[in-house]
Structures are given as C-alpha cells and as structure tokens.
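Worksheet: the structure to be examined is printed underneath.
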Amino acid sequence: MTTFYQIGEVCQRSGLTQRALHYYDEIGLLVPSERLTGGQRLYTVTDLERIERIKNLKRLLGLSVSEIKRMLDADEARARYLTTAQTTSDPGRRHKAVESALRVTEDELQSVREKVQQLAQLQRQLERQVREIRRLGAAAPAGGSPAPEGIGGRS
C-alpha cells in the first residue's frame, strides 16, 4: 500500500514552502502523485526523493529550475530507454534504445561539464581577488588607511 503525504507534511520533511511546491507543480518539475477532487495535492516517497534530487541539483551545481527540469526529464527518458533496451527481444529496437539512452546521458554530462567550467572560472576570479586583497593588506601602513578606489570590484 502506498503512503501519501499532504503538502504540509512534505513542507516539514523537505524544508520547502507550499508556494515552492505549487510552483514546481505548475511548471511540471514536481507533479504530485495524486490530486483529490478538491485540488488537494498528495505526495509519495518517490516524490520526496525527487524533491531531494531537486534540492541537491540546485545546491551542489547551482542549477536553475529550468536546468533542473531538463536534467530530471533526461533521467526519466534514460530510464525509459534502458527499460526498453532490457526488455525488448528485437535487436534493432534494443540498439535504438541504447543509442537514445547514451545520447541523453552524454547531453546531460556536457551540461554538467559546462557548469563545472563556469564554477572553476568563478573560483579563479575569487582566488585572484583574495591574492590582490592580501597584497593590499601586506602593503598597507599599519594605520589602516582606506582602500584605494576600485579595489573590491570585479576584475
């Protein structure tokens, strides 16, 4: 028997607000497993796991909601292709399903690589700023005069 959670319980467990859950539903990022006739949303453990994945993608990779949706859609497509590849007896259909799963996964990997490159670039900029600020501190007189104009901005 499937256990269902009302939106308040999901908010408590996930740390998300009702507004966030409604928005995720509206854009198709997280559609509740059940909806009662009065419009009440009901969620399952699978939905809670999806919420954790959404939060991790947002926190770890800094992905936007649309990027997260693309990744989760890719996960679902890959799972469908792999299920087809594992269950079909038709070699042509199996090959096509495997190729599709591979293409989806390679596209997802490329997106992650691009995000990692962007984060690495940001890291290098911040490291440069730290070095500049430390040099400024080492060169500054002990009296604590104000920093020259332009220091602290983006380079």
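The values are calculated or read from the model by the stated rules, or taken from the named source; none is laboratory data. Because the structure is predicted, anything quoted here is derived from the model rather than measured. For neighbour counting, all protein chains shown are included, and Cβ atoms are generated from backbone atoms with ideal geometry for every residue, glycine included.
Structure values in brief
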{"read-out": "Segment 66-91, residues that are in a helix (DSSP H, G or I) and β-branched (Val, Ile, Thr)", "value": "ILE68, THR83, THR84, THR87"}
{"read-out": "Close pairs from segment 99-125: first over 23 Å from TYR81 (Cα atoms) and touching a residue at least 12 places away in the same chain (Cβ under 8 Å), partner surrounded by 12 or more Cβ atoms within 10 Å (Cβ to Cβ) and charged (D, E, K, R), Cβ under 9 Å, at least 6 apart", "value": "LYS115/GLU67"}
{"read-out": "Yes/no for LEU48 being within 18 Å of SER14 (Cβ to Cβ), surrounded by 11 or more Cβ atoms within 10 Å (Cβ to Cβ), at pLDDT below 90 and within 17 Å of the chain's Cα centre (by Cα)", "value": "no"}
{"read-out": "Residues that are part of a strand (DSSP E or B) and either farther than 22 Å from THR2 by Cβ or of a type in the set (Asp, Glu) (or both), drawn from segment 20-39", "value": "GLU34"}
{"read-out": "Selected residue (criterion: surrounded by the most Cβ atoms within 10 Å (Cβ to Cβ)) from residues of segment 1-39 that are of a type in the set (A, V, I, L, M) and closer than 27 Å to SER111 by Cβ", "value": "LEU30"}
{"read-out": "Hits in segment 71-85 - residues which are surrounded by fewer than 16 Cβ atoms within 10 Å (Cβ to Cβ) and among the polar types (S, T, N, Q)", "value": "THR83"}
{"read-out": "Inter-residue pairs, beta-carbon under 7 Å, first in contact (Cβ under 8 Å) with a residue 40 or more places away in the chain and in segment 10-28, second among the hydroxyl-bearing types (Ser, Thr, Tyr), 6+ apart", "value": "VAL10/TYR43"}
{"read-out": "Lone qualifier among LEU57, LEU42, LEU63 - being in contact (Cβ under 8 Å) with a residue 12 or more places away in the chain, surrounded by 15 or more Cβ atoms within 10 Å (Cβ to Cβ), part of a helix (DSSP H, G or I) and at negative phi", "value": "LEU57"}
{"read-out": "Matching residues in segment 112-139 - criterion: being among the charged types (D, E, K, R) and farther than 29 Å from LEU63 by Cβ", "value": "ARG131, GLU132, ARG134, ARG135"}
